[in-house]
Amino acid sequence: MNRHLVLAVTGASGTAYALRLGQAMLSAGMHVHLLVSEAARMVSLREIGVELPPATADENTWRQFLETGLTSGPAASWGFQNCSPNAEGELSVHSLRNYSAGIASGSFLTGGMVICPCSMGTLSSIACGASTNLIQRAADVHLKERRPLVLVPRETPLSSIALDNMTKLSQAGATVLPAMPGFYHAPTCLADLVDFVVARICDHLGVPHQLMKRWGDDA
C-alpha cells in the first residue's frame with residue numbers, strides 16, 4: 001500500500017481524535033502529511049488544555065507532541081494507552097499556504113486523506129470546490145483522483161445545509177464518518193470511545209491497528 005497519508009485538523013470539536021489518529025498512523029509506519037488550521041489551535045487549548053506547536057515548529061517537535069499531547073491536562077485521566085512506536089513512521093508538516101507541497105497535486109501519490117475533525121466551514125468549502133488553503137486543495141485533489149477522502153464531522157444537530165453538503169460529498173466519492181462512538185466494545189473510559197472512532201477511520205484508510213475489540217471477536 002501507499003504509505004503516504006494526509007491528516008488535516010480543522011476547528012471542530014474533537015482534538016483528541018486527531019492526536020490519537022496521528023499516533024495510530026505513525027505507529028503503523030505511515031508517512032503522515034500534517035495540516036493544521038488556526039481554528040484547530042484555539043479548539044485544542046480549550047479541549048485538552050495544551051497548545052498545539054506553532055506553525056513554524058519542525059517535524060520533531062510535532063512528533064513529540066503527537067506522542068505526548070494526550071498525557072497531560074484533562075486527557076491525562078482519560079485512560080489512553082500508548083501506541084507501539086514504529087521507527088518507519090514519518091511526519092511532514094505543511095503550511096496551509098504552501099501550494100508547492102506535493103499533496104497539492106494529483107501527480108503526488110497518496111493512500112488517502114482524512115480531515116479529523118472536520119468543521120462545517122471546511123466541509124462546505126470542499127463541497128463547493130473551493131481551494132482557498134492547502135487543506136481544501138488536497139481534499140479536492142483526492143476527490144478528482146478518486147482516492148480515499150474521509151471527513152470526520154463533529155457537529156450536532158445538523159442543519160439541512162450541512163446534510164446537503166455531506167450528501168454532495170458522499171456522491172462525489174468521499175466517506176462521511178461522523179465522530180459517533182459505539183458502545184458494543186464495552187468501553188470503560190473516555191479513551192475507549194475516542195479509540196472506537198479512530199479505529200473506524202483507520203479501517204477506511206487501510207491503516208492496521210489494534211485499537212478496539214471488533215464485533216464478533218470473542219478473543
Inset, instruction - Kindly list the number of the only condition in (1) closer than 24 Å to residue 148 by Cβ; (2) of a type outside the set (Val, Ile, Thr); (3) part of a helix (DSSP H, G or I); (4) over 15 Å from the mean Cα position of the chain (by Cα) that fails for residue 202. - result: (4)
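Looking at region 120-151, which of its residues are touching a residue at least 60 places away in the same chain (Cβ under 8 Å) and touching a Lys or Arg at 6+ places or on another chain (Cβ under 9 Å)?
Of all residues in region 120-151, those touching a residue at least 60 places away in the same chain (Cβ under 8 Å) come to 120-122, 133-135, 138-139, 142.
Across region 120-151, the qualifying residues are 133, 134.
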Inset, instruction - Working only within region 173-212, note down all residues that are buried (at least 16 other Cβ atoms within 10 Å of the Cβ) and more than 28 Å from residue 2 (Cβ to Cβ). - result: 181, 185, 187, 190, 191, 192, 193
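Listed here are the residues, each with its yes/no results for (1) modelled with pLDDT under 95; (2) more than 16 Å from the chain's Cα centre (by Cα).
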position: 85; (1), (2): yes, yes
position: 109; (1), (2): no, yes
position: 117; (1), (2): no, no
position: 120; (1), (2): no, no
position: 125; (1), (2): no, yes
position: 128; (1), (2): no, yes
position: 132; (1), (2): no, yes
Legend entry - Every pair of residues 6+ apart whose Cβ atoms lie under 8 Å, when the first sits in region 49-60 and is within 10 Å of residue 34 (Cβ to Cβ) while the second is of a type in the set (D, E, K, R) and assigned to a loop (DSSP other than H, G, I, E, B): none
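Mind checking which residues of region 188-199 are touching a Phe, Trp or Tyr at 6+ places or on another chain (Cβ under 7 Å) and not in a helix (DSSP H, G or I)?
189, the sole residue that qualifies.
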Legend entry - Qualifying residues in region 28-47 (those that are over 14 Å from the mean Cα position of the chain (by Cα) and crowded, with 21+ Cβ neighbours inside 10 Å) - the one farthest from residue 119 (Cα to Cα): 28
Inset, instruction - Name the one entry in 5, 19, 52 that is more than 19 Å from residue 193 (Cα to Cα), at pLDDT 95 or above and buried (at least 20 other Cβ atoms within 10 Å of the Cβ). - result: 5
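Could you tell me whether residue 137 is within 26 Å of residue 181 (Cα to Cα), surrounded by 15 or more Cβ atoms within 10 Å (Cβ to Cβ) and charged (D, E, K, R)? Outline the logic, then answer.
On the way: within 26 Å of residue 181 (Cα to Cα): no; surrounded by 15 or more Cβ atoms within 10 Å (Cβ to Cβ): yes; charged (D, E, K, R): yes.
Spelling it out, it is not the case that residue 137 is within 26 Å of residue 181 (Cα to Cα), surrounded by 15 or more Cβ atoms within 10 Å (Cβ to Cβ) and charged (D, E, K, R).
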Inset, instruction - Output yes when any residue across region 158-172 is surrounded by fewer than 18 Cβ atoms within 10 Å (Cβ to Cβ), under 21 Å from residue 110 (Cβ atoms) and not hydroxyl-bearing (Ser, Thr, Tyr), and no when none is. - result: yes
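The values are calculated or read from the model by the stated rules, or taken from the named source; none is laboratory data. Here the structure is a predicted model, which means the values were calculated and not measured. Ideal geometry is used to build each Cβ from the backbone, glycine not excepted, and the neighbour counts take in all protein chains shown.
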